[in-house]
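This report refers to the structure that appears directly beneath it.
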Amino acid sequence: MSNEERKESREEGLAPVPPQEELLVAIERYLAAGVRLGTRVSNAYLQRRGFIFSVRPDGLRILNLRKIDERIRIAAKMIARYDPEKVVAYSAKPYGFRPVEMFCKFVRCRAITGRFVPGTFTNPNLNHYIEADLLISTDPKADTQAIEEAAKMGIPIIALVDTDTPIDYVDLMIPCNNKGRRSLALIYWLLARQVLRVRGELKENEDLPVPPEEFEVKVSIEGVL
């Protein structure tokens, strides 16, 4: 990256980043997906931990790109330690449905989307009961039932955390824009690729057989002029 590009990145509200080859993906792809864009509400804990880099004049919080990249790597190492069959990725929000399903397709874990049926983690007498060892939450604000049951059962929780996200019971946070469909697609694509690299199922310079766009929820434009 040139000095001019680094200056432009800083002016955009990004934390200083390492050389491009040290990032999991080119900085341009991170920027295009909007993964660093937070909300106008800030969690004091995230601020103290350095997850929030700056505040734009309009009040929008900007997340630290370096922290996003680092936490994806850490989360991948954590996920890779578990039996895939005991890992559950969940999204209550529609924009997370396809990213979660595609992530689980490649990582071979269990995907749950939509309503989380009470008792899924806590009642072994139910047909839908799942004995999980790790939960990945797309948005703890929406995934409350799954978060609470996982916490009750002592199941570790990895969560995608925006600047306004409640962090109770979360064991490992991945700071990111967890509301945008392009951001969610890229985060789950990177996480899947990194898990497979940690497992040794992909080489360090090898990508998934599909691009991040394949993880993205497709929005219908039917009826739009």
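Every number here is computed from the coordinates shown, using simple stated rules; none is lab data. From a predicted model like this one, the values you see are computed outputs, not experimental measurements. All Cβ positions, glycine included, derive from the backbone under ideal geometry; neighbour counts span all protein chains shown.
Within the shell of other residues whose beta carbon sits under 15 angstrom from the beta carbon of K203, the net charge comes to -1, with Lys and Arg scored +1 and Asp and Glu -1. Y169 sits among other residues whose Cβ lies under 15 Å from its own Cβ, and their net charge, with Lys and Arg +1 and Asp and Glu -1, is -4.
Evaluated on segment 114-225, the Kirkwood hydrodynamic radius is 15.9 Å, with distances taken between all distinct Cα atoms. Taking a point 7 angstrom from the Cα of R110 along the C-beta vector, which residues in segment 65-85 have backbone N less than 14 Å away? Within reach of a label on R110: 83-85. Can you compute the FRET efficiency between I74 and E201 using 1/(1 + (r/R0)^6), with r the Cβ-Cβ distance and R0 = 22 Å? Round to the nearest 0.05. Calculated value: 0.70. Could you tell me which of the pairs K86/K218; K152/K203; K77/K218; K105/K179; K93/K152; K67/K152 are separated by over 26 angstrom between their Cα atoms in the structure shown? Among K86/K218; K152/K203; K77/K218; K105/K179; K93/K152; K67/K152, the Cα-Cα distance tops 26 Å for K86/K218; K152/K203; K77/K218; K67/K152.
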